[in-house]
Amino acid sequence: MAKKKASSLQDKDGVSQPETTSKSSAKKIQSQRSKQPTAKEFISGILEGNISLLSRAITLVESTNTKHQEKANEILNACLPYANSSVRVGITGVPGVGKSTFIEAYGKYLTNKGKKVAVLAVDPSSSINKGSILGDKTRMEQLVTDKNAFIRPSPSGTSLGGVAQKTRESIILCEAAGYDTIIIETVGVGQSETMVHSMVDFFLLLKIAGAGDELQGIKRGIIEMADAIVINKSDGENVKNTKIAKVEFNRALHLYPPKESGWQPKVLTASALKNIGIDNVQEMIEEYIEFTKENGYFDSKRNEQTQFWLESTIKEGLYNSFFKNKLISETLKQEIDRLKNGESTPFSSAQKLLKLYNERS
């Protein structure tokens, strides 16, 4: 067997092959990672726009650890006075419609105009390990390197609305860090999109032409929540199809009752891949924000969202408190066995568990 040729560095006396990371450097990095910043350090770092501390603060917010939650609440309360100054845009659409490509093109358009953009991209969660599946951050190669952009992919977990449960808190932190446009991408796999609608100012639905789903636009549901429909992939041979789809969706939108905001939803065409029509989308969003601020709807909607947020947080807290209760957990197993044996009904078991919880609270 031929002897492996030594490198030119090894040929010279006294020169050893350099390590990628020295042991001392590795130990230092490990020490820095394990050292948790104080709440004050988090707050000052976020207000200064420190992306690393912003990311770590969002991780704290998403944690279910009690100590982490206490610290996260302290950070959130301190950041709240610096929040609520952004425009929040929700973007949804079925898989394959080109959400990530569109968000990257739209985000780059905004940063080129001097805006600071935060993208909270909510990934579907794996039912096996609960982690993100799509990895939006890897699909926005240009935006992820933009110094005026921040991308945070989060697994959607068990959240019904396709939005991570802590997205609202993440919005506050991003706004405090100076981001003036917050984009929230939802899963868009047929789940209720009510949650994202309850935390954004403008709700954008992405569609594609020639995919056989044009008639879906005539049905009630997500269309009713949309402030605009953008038909993506309007390029090449597909331009004709998108124009036809635009007419059909416009007809469908006029069948719905007027929106509370007084805004008439619009239909636009765009090609995120070719950067066509992105400027028109931004002009429309700016028109909407100006329109709703003038008639007072913008502020009233924000107030309603705050109330919804409060109620959702209470529900989540009660849910966690209930199922983390040791006595409830033990009794629940017993009641499940009784259900299997036909000794009880779901209603009576639930009543028993709730009564037990109330007595112990």
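The values are calculated or read from the model by the stated rules, or taken from the named source; none is laboratory data. Predicted model, so just to flag it, every value in this text is computed and none were measured. Every residue, glycine among them, receives a Cβ derived from its backbone with ideal geometry; neighbour counts consider all protein chains shown. These area figures cover heavy atoms from the full protein model, side chains too; ligands, DNA and RNA do not enter into them. Shrake-Rupley method; radii C 1.70, N 1.55, O 1.52, S 1.80 Å.
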- Message: Test of understanding: among Ser344, Ser349, which residue is surrounded by 15 or more Cβ atoms within 10 Å (Cβ to Cβ), in contact with a Lys or Arg (Cβ under 9 Å, 6 or more places away or on another chain) and in a helix (DSSP H, G or I)?
- Response: Ser349
- Query: So which of Asn241, Asn250, Asn232 ends up being of a type outside the set (Val, Ile, Thr), at pLDDT 85 or above and open to solvent by less than 40 Å² (accessible area, probe 1.4 Å)?
  - Reply: Asn232
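Does Asp337 qualify as being touching a Lys or Arg at 6+ places or on another chain (Cβ under 9 Å) and free of Cβ contacts under 8 Å to residues at least 24 places away in the same chain? Spell out the reasoning first.
Details: touching a Lys or Arg at 6+ places or on another chain (Cβ under 9 Å): no; free of Cβ contacts under 8 Å to residues at least 24 places away in the same chain: yes.
No: the conditions fail for Asp337.
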- Please verify whether segment 96-108 includes one or more residues that are open to solvent by 40 Å² or more (accessible area, probe 1.4 Å) and either modelled with pLDDT of 95 or more or within 19 Å of Ser63 (Cα to Cα) (or both). yes
- Task: Name the residue, out of Leu339, Leu332, Leu356, Leu318, that is out of contact with any Asp or Glu (no Cβ under 7 Å at 6 or more places or on another chain), open to solvent by less than 40 Å² (accessible area, probe 1.4 Å) and either within 20 Å of Val196 (Cβ to Cβ) or part of a helix (DSSP H, G or I) (or both).
- Result: Leu356
- So which pairs qualify, if the first residue must be in segment 285-308 and within 16 Å of Ile171 (Cβ to Cβ), the second must be part of a helix (DSSP H, G or I) and of a type in the set (D, E, K, R), the Cβ gap must be under 9 Å, and the two must be at least 6 apart or on different chains? Gln305/Arg168
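How many residues are open to solvent by 20 Å² or more (accessible area, probe 1.4 Å) and not in a strand (DSSP E or B) if we restrict to segment 266-281?
Filtering segment 266-281 down to residues open to solvent by 20 Å² or more (accessible area, probe 1.4 Å) leaves 266, 268-269, 273-276, 279-280.
Okay, now just the ones that are also not in a strand (DSSP E or B), so 273-275, 279-280.
Result for segment 266-281: 5.
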